[in-house]
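Colleague: Take a look at this one; I'll ask things after.
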Amino acid sequence: MRREAFGGEECCPQLLRDMISKPFIKTIVIKGAPGAGKTTLSLEIMNAIGSGIYVSTRVAIRELVEQHPYMKPMLERGELEDVSFEDLRLGSAADIMEIVLRAIRKRRGVVVLDSWDTLANELDPLERLKAEKSLTAMVEPREVKLIFVKESAETSSIDYLADAVIALKDEEFRGFRIRYLVWEKIRGTEIPQKRYLFTLHGGRFKLLVPTEVRRPRITEEFRPLGGSFGSYSTGNEDLDRILGGIQKGSGLLITLGRNVHSHAPLPIILSIAINFVMNGGSCVILPLAGVRTDVLTSVRRVLPPEIRDLMAVIRLESSKHSTHGVDFSSPWKAKEIVLKVVEEIRSRSERNRCMIVMGTDFMEYSFPERSLLTTILGVLDYIKDTEDIAVFLARDSTRCRNELEDLLELSVRLDMICRTLVFYSIKPPSGIYHMEIPEELRIQLTPIV
């Protein structure tokens, strides 16, 4: 399999690699409604194998190349060797068999029949079954794979004969269109996960693998991004483009959906914090539920030594890590001590600015509901006067989450779908994105379209 196919091997789950590479998987069915991505996936498989014949029963090849322009330059540069295209919209079953025989003689890697329904529906059931059995038998002893593209998602005779069956589907999730690849069958191979998310962003088929959330590990230099007039940068170009930066004196709410790991938002929070400090500010981080204090303090080493103490992590009195301890048994006393720390830290920063990070999901266990909301309102009033910023972390179950979202200018959300992390903004509204979390702080957001 060619490494660059499907956006690289890291974006191609093992099942798909097995389907392409295992010699005993000869016939593949790809089915779904119009616009589901069947042709795009077929072309990606052809690209991965490196040679083949495309049999079109519904669209002229010149139109196909226009819709998938990445195929043309690859062909011109010789990156896809021995690939030929055939337009057989007016063909018959005998014509298709001749094309398959040609592929066998010329040692082509794959034959794509797109779409098989158009031709097969012209045959009576017995003739169709006979043609399908003949085609599958022709490739069985050869080094050729045969892909049947079906417009109908219903089970038909070819589904029983094929070695692998893939269904492409889409559903609505919170108003967004989400695409799924569903494994209905793959011969001789276990299916540990039946459904995967995928995207057709940029006209390419990219499977979105399950998210593995790791502890942030900084090994590369962090390059800060400057803000614009009246706003601070998040330190990430994708986030800046979606949110427009963070306005001075405003706040951002990050909500974690069900089953989202507590470490999942850390790349966002720490990117904003480190970028803020490296641009002449300071940062105070209050405890976050499910996140150890040493995880937060360890990322300070990305900062130049002379400004590392401008990123302070507030700890519980019983904690052994970090530089500041607060007793959260009294909300009023805790607020007083925290703001005192903020004043002290910000006074030592170049621009006399501070970013405050609050884990409301953690603090609600110590503060009564109204006391917590009052504390948050006090923080919001404070940052408006000082032109600082605040980031709040919450879950759906956090009691004051809805009120907090109404108060803040920015609100984003992280959810898990098919074990894959997705990101979208509620204020301002955005599309939905796959959020990749590398060990570094450089998150990548890929539109799911």
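The values are calculated or read from the model by the stated rules, or taken from the named source; none is laboratory data. Values in this document were obtained by computation on a predicted structure and should not be read as measured data. Virtual Cβ from ideal backbone geometry, glycine too; neighbours counted across all protein chains shown.
Colleague: Search segment 291-318 for residues being touching a strand residue (DSSP E or B) at 6+ places or on another chain (Cβ under 9 Å) and assigned to a loop (DSSP other than H, G, I, E, B), and hand back the single one that is nearest to residue 388 (Cα to Cα).
Modeller: Filtering segment 291-318 for residues that are touching a strand residue (DSSP E or B) at 6+ places or on another chain (Cβ under 9 Å) and assigned to a loop (DSSP other than H, G, I, E, B), the one nearest to residue 388 (Cα to Cα) comes out as 303.
Colleague: Scan segment 248-270 and tell me whether some residue there is crowded, with 24+ Cβ neighbours inside 10 Å and either farther than 21 Å from residue 435 by Cβ or over 23 Å from the mean Cα position of the chain (by Cα) (or both).
Modeller: Checked against the condition, which is being crowded, with 24+ Cβ neighbours inside 10 Å and either farther than 21 Å from residue 435 by Cβ or over 23 Å from the mean Cα position of the chain (by Cα) (or both), segment 248-270 yields at least one hit.
Colleague: Of these, 256, 266, 252, which one is more than 15 Å from residue 411 (Cβ to Cβ) and not hydroxyl-bearing (Ser, Thr, Tyr)?
Modeller: On the way: 256 fails: more than 15 Å from residue 411 (Cβ to Cβ); 252 fails: more than 15 Å from residue 411 (Cβ to Cβ).
Within the list 256, 266, 252, the selection yields 266.
Colleague: What is the number of the single condition among (1) part of a strand (DSSP E or B); (2) without any contact (Cβ under 8 Å) to a residue 12 or more places away in the chain that residue 229 does not meet?
Modeller: For residue 229, the failing item is (1).
Colleague: Something else: Those residues that are in contact with a His (Cβ under 9 Å, 6 or more places away or on another chain) and part of a loop (DSSP other than H, G, I, E, B), I need them from segment 279-290; list them, please.
Modeller: 290, the sole residue that qualifies.
Colleague: Given the criteria of a type outside the set (D, E, K, R) and within 20 Å of residue 36 (Cα to Cα), does residue 147 qualify?
Modeller: Values: of a type outside the set (D, E, K, R): yes; within 20 Å of residue 36 (Cα to Cα): yes.
Yes; evaluated as a whole, the condition is true for this residue.
Colleague: When residues of segment 406-444 are filtered for being within 19 Å of residue 199 (Cβ to Cβ) and either polar (S, T, N, Q) or touching a Cys at 6+ places or on another chain (Cβ under 7 Å) (or both), how many remain?
Modeller: Residues in segment 406-444 being within 19 Å of residue 199 (Cβ to Cβ) and either polar (S, T, N, Q) or touching a Cys at 6+ places or on another chain (Cβ under 7 Å) (or both): 4 in total.
Colleague: Take residues that are hydrophobic (A, V, I, L, M, F, W, C), more than 21 Å from residue 43 (Cα to Cα) and out of contact with any helix residue (DSSP H, G or I) (no Cβ under 7 Å at 6 or more places or on another chain) and tell me which of the helices (runs of 4 or more DSSP H) falling wholly in segment 111-221 contain 1 or more.
Modeller: Once the helices (runs of 4 or more DSSP H) in segment 111-221 are filtered for at least 1 residues that are hydrophobic (A, V, I, L, M, F, W, C), more than 21 Å from residue 43 (Cα to Cα) and out of contact with any helix residue (DSSP H, G or I) (no Cβ under 7 Å at 6 or more places or on another chain), what remains is 125-139.
Colleague: Shifting gears a bit: Output the residues belonging to segment 234-266 that are over 19 Å from residue 296 (Cβ atoms) and either without any contact (Cβ under 8 Å) to a residue 40 or more places away in the chain or assigned to a helix (DSSP H, G or I) (or both).
Modeller: Of everything in segment 234-266, those that are over 19 Å from residue 296 (Cβ atoms) and either without any contact (Cβ under 8 Å) to a residue 40 or more places away in the chain or assigned to a helix (DSSP H, G or I) (or both) turn out to be 237, 238, 239, 240, 241, 242, 243, 245.
Colleague: Let me ask you something else. Within segment 373-382, is even one residue acidic (Asp, Glu) and in a strand (DSSP E or B)?
Modeller: Here is the first cut: in segment 373-382, the residues acidic (Asp, Glu) are 381.
Next cut, in a strand (DSSP E or B) only: none.
Checking segment 373-382: not a single residue is acidic (Asp, Glu) and in a strand (DSSP E or B).
Colleague: Of the residues that make up segment 124-142, is at least one at pLDDT 85 or above, more than 19 Å from residue 185 (Cβ to Cβ), surrounded by fewer than 17 Cβ atoms within 10 Å (Cβ to Cβ) and hydroxyl-bearing (Ser, Thr, Tyr)?
Modeller: Checking segment 124-142: at least one residue is at pLDDT 85 or above, more than 19 Å from residue 185 (Cβ to Cβ), surrounded by fewer than 17 Cβ atoms within 10 Å (Cβ to Cβ) and hydroxyl-bearing (Ser, Thr, Tyr).
Colleague: Let me ask something else. Scan 119, 113 and give me the residue that is buried (at least 23 other Cβ atoms within 10 Å of the Cβ) and within 24 Å of residue 37 (Cβ to Cβ).
Modeller: Only one candidate passes the filter, namely 113.
Colleague: Can you name the strands (runs of 3 or more DSSP E) wholly within segment 11-107 that have at least 2 residues being at pLDDT 80 or above and assigned by TED's automatic domain parsing to the domain that holds residue 178? Give the steps one after another, and end with the answer.
Modeller: On the way: elements: 27-32, 52-56, 83-87.
It comes to 27-32, 52-56.
Colleague: Is it fair to say residue 393 is in the same structural domain as residue 287 (by TED's automatic domain parsing) and assigned to a helix (DSSP H, G or I)?
Modeller: no
Residue by residue, here is whether (1) surrounded by 21 or more Cβ atoms within 10 Å (Cβ to Cβ); (2) in contact with a Phe, Trp or Tyr (Cβ under 8 Å, 6 or more places away or on another chain) holds:
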{"site": "408", "(1), (2)": "no, yes"}
{"site": "426", "(1), (2)": "no, no"}
{"site": "433", "(1), (2)": "yes, yes"}
{"site": "449", "(1), (2)": "no, no"}
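Colleague: Among the residues of segment 420-441 satisfying the criterion of being at pLDDT below 95 and among the charged types (D, E, K, R), which is nearest to residue 354 (Cα to Cα)? Outline the logic, then answer.
Modeller: Taking segment 420-441 and keeping what is at pLDDT below 95, we get 436-441.
Remaining after also requiring among the charged types (D, E, K, R): 436, 439-440.
Details: 436: 28, 439: 26, 440: 24 Å.
Ranking the candidates gives 440 first.
Here is a yes/no grid of residues against (1) among the hydroxyl-bearing types (Ser, Thr, Tyr); (2) closer than 26 Å to residue 385 by Cα; (3) in contact with a strand residue (DSSP E or B) (Cβ under 7 Å, 6 or more places away or on another chain):
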residue: 180; (1), (2), (3): yes, no, yes
residue: 222; (1), (2), (3): no, no, no
residue: 250; (1), (2), (3): yes, yes, yes
residue: 261; (1), (2), (3): no, no, no
residue: 265; (1), (2), (3): no, no, yes
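Colleague: How many of the residues making up segment 389-436 are within 30 Å of residue 346 (Cβ to Cβ) and under 19 Å from the mean Cα position of the chain (by Cα)?
Modeller: 7
Colleague: Can you work out which of the residues in segment 217-239 that are under 25 Å from residue 419 (Cα atoms) and crowded, with 21+ Cβ neighbours inside 10 Å is modelled with the lowest pLDDT?
Modeller: 236
Colleague: Right, here's the next one. Looking only at residues that are out of contact with any Asp or Glu (no Cβ under 9 Å at 6 or more places or on another chain), surrounded by fewer than 20 Cβ atoms within 10 Å (Cβ to Cβ) and of a type outside the set (Lys, Arg) in segment 353-374, which one is modelled with the highest pLDDT?
Modeller: Of everything passing the filter in segment 353-374, 374 is modelled with the highest pLDDT.
Colleague: Could I ask something else about it? Out of all the residues in segment 192-216, which are modelled with pLDDT of 95 or more and either loosely packed, with under 13 Cβ neighbours inside 10 Å or assigned by TED's automatic domain parsing to the domain that holds residue 420 (or both)?
Modeller: none
Colleague: Restricting the search to segment 336-372, which residues are in a strand (DSSP E or B) and either out of contact with any helix residue (DSSP H, G or I) (no Cβ under 9 Å at 6 or more places or on another chain) or aliphatic (A, V, I, L, M) (or both)?
Modeller: 355, 356, 357, 358, 359
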